[in-house]
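Have a look at the structure below, then the notes.
The values are calculated or read from the model by the stated rules, or taken from the named source; none is laboratory data. Owing to the predicted nature of the structure, the values given are computational and were not obtained by experimental measurement. Backbone-built Cβ (ideal geometry, glycine too); neighbour counts: all protein chains shown.
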Amino acid sequence: MQLVSLGADPEYILHKKQGSKRRYVASQRVIPGNKRRPFPMENGHVHRDNVLMEINPRPASTEEEFDNNIGNLLDEVASKYLTARGMAITNKTSHLFAERFIQTPEGSELGCDPDLCAWGVHYDPPFPPLVGNLRSAGGHIHFGLDSWDRAGLDHLIRMCDLYISVPLVLLDADTKRRQWYGQAGKYRPKSYGVEYRTPSNCWTFSAENRRWVFRQAQRAVKSNLEIAPVLGTMIQDVINKSDVDGAWALIGEFNLEVPHAAAV
């Protein structure tokens, strides 16, 4: 299995600045396109996803290209649709939206394809009455692979949990999102490879961390590490509980590279 390209489809919560305060707003009437018909931009696509904004940068084959594709598309969307309205993306990974934003056709739509789990765990899908007004911003990573099978994908996603999602606990302590999204080992097979669905968007806000994700993705694809059941349980607990102390323990044990602003 070889990495051919790396892409992403991060989501963002929008806010409108009002003096020293900020008001969280839905993407409707601001962002063009929807999940069925993303809107083409110079650097990829953008569209509304529920009340959030989602971007689809072009897949990349190098660390520099991966960073630039995401950064340039974020800049393009901001300049065309957000800045003039006094709006911006936030670095929040979840938010309880006002009822008026949720009670719309797009705002109430939670349906999506089911996820697989590389650890063999069954997670309940999002259930609208329990999810309520909570909306979460994912930072899913798309692997373009030259060949794969189910066993190979399970192994790759377990390595992604170790190399990517364990260190990202240091940046993302949001446990609300993990009630329904972002649990350890989540993925969806794709015609080109696989979509890794555990991370939030926390890694997309800086060039250093976008490049860090590309390096860890390469490391995950190349890794032949076999994870014992006890270690697998620890990895899942660290991610699902956002256990910072446990994350540092695994980082030390496996000499993991940590994302920017998390190093000590």
Revision key, fill the gap. The residue that is farthest from Arg22 (Cα to Cα), considering only those in the stretch 62-94 that are buried (at least 16 other Cβ atoms within 10 Å of the Cβ) and over 19 Å from the mean Cα position of the chain (by Cα), is Glu76
Check your understanding: Taking Phe66, is it at pLDDT 95 or above, part of a helix (DSSP H, G or I) and touching a strand residue (DSSP E or B) at 6+ places or on another chain (Cβ under 6 Å)?
Key -> yes
Revision key, fill the gap. When every residue in the stretch 1-13 that is in a strand (DSSP E or B) and in contact with a Phe, Trp or Tyr (Cβ under 7 Å, 6 or more places away or on another chain) is compared, the one farthest from Glu63 (Cα to Cα) is Leu3
Practice item. Only residues that are farther than 21 Å from Leu96 by Cα, in contact with a helix residue (DSSP H, G or I) (Cβ under 9 Å, 6 or more places away or on another chain) and assigned to a loop (DSSP other than H, G, I, E, B): list them for the stretch 19-57, please. Key: Pro32, Glu42, Asn43
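Could you say whether any residue in the stretch 119-129 is over 27 Å from Arg58 (Cβ atoms), of a type in the set (Phe, Trp, Tyr), touching a Leu at 6+ places or on another chain (Cβ under 9 Å) and not in a helix (DSSP H, G or I)?
Within the stretch 119-129, the subset over 27 Å from Arg58 (Cβ atoms) is 119-129.
Narrowing further to those that are of a type in the set (Phe, Trp, Tyr): 119, 123, 127.
If we keep only those that are touching a Leu at 6+ places or on another chain (Cβ under 9 Å) as well, we get 127.
Pick out the ones that are also not in a helix (DSSP H, G or I) and you get 127.
Yes, some residue in the stretch 119-129 is over 27 Å from Arg58 (Cβ atoms), of a type in the set (Phe, Trp, Tyr), touching a Leu at 6+ places or on another chain (Cβ under 9 Å) and not in a helix (DSSP H, G or I).
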Point to revise | Subset tally (residues that are closer than 20 Å to His122 by Cβ and assigned to a helix (DSSP H, G or I)) for the stretch 157-195 | key: 8
Point to revise | Considering residues of the stretch 152-176 that are at pLDDT 95 or above and in contact with a strand residue (DSSP E or B) (Cβ under 6 Å, 6 or more places away or on another chain) only, the residue surrounded by the most Cβ atoms within 10 Å (Cβ to Cβ) | key: Cys160
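So, Phe143, is that one at pLDDT 95 or above, of a type outside the set (Gly, Ala, Ser) and out of contact with any His (no Cβ under 7 Å at 6 or more places or on another chain) or not? First the steps, then the outcome.
Numbers: at pLDDT 95 or above: yes; of a type outside the set (Gly, Ala, Ser): yes; out of contact with any His (no Cβ under 7 Å at 6 or more places or on another chain): yes.
For Phe143, the condition - at pLDDT 95 or above, of a type outside the set (Gly, Ala, Ser) and out of contact with any His (no Cβ under 7 Å at 6 or more places or on another chain) - is met.
Might you let me know whether the stretch 126-137 holds any residue that is under 28 Å from Glu208 (Cα atoms) and small (Gly, Ala, Ser)? Break it down stepwise before answering.
Within the stretch 126-137, the first condition is being under 28 Å from Glu208 (Cα atoms), and the residues that meet it are 135-137.
From the residues that got through so far, the ones that are small (Gly, Ala, Ser) too are 136-137.
Yes, the stretch 126-137 has at least one match.
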Point to revise | Criterion violated by Ala26 - all others in (1) within 22 Å of Glu195 (Cα to Cα); (2) surrounded by 19 or more Cβ atoms within 10 Å (Cβ to Cβ) satisfied | key: (1)
Review point. What is the one condition in (1) buried (at least 20 other Cβ atoms within 10 Å of the Cβ); (2) more than 16 Å from the chain's Cα centre (by Cα) that Phe214 does not satisfy?
Key: (2)
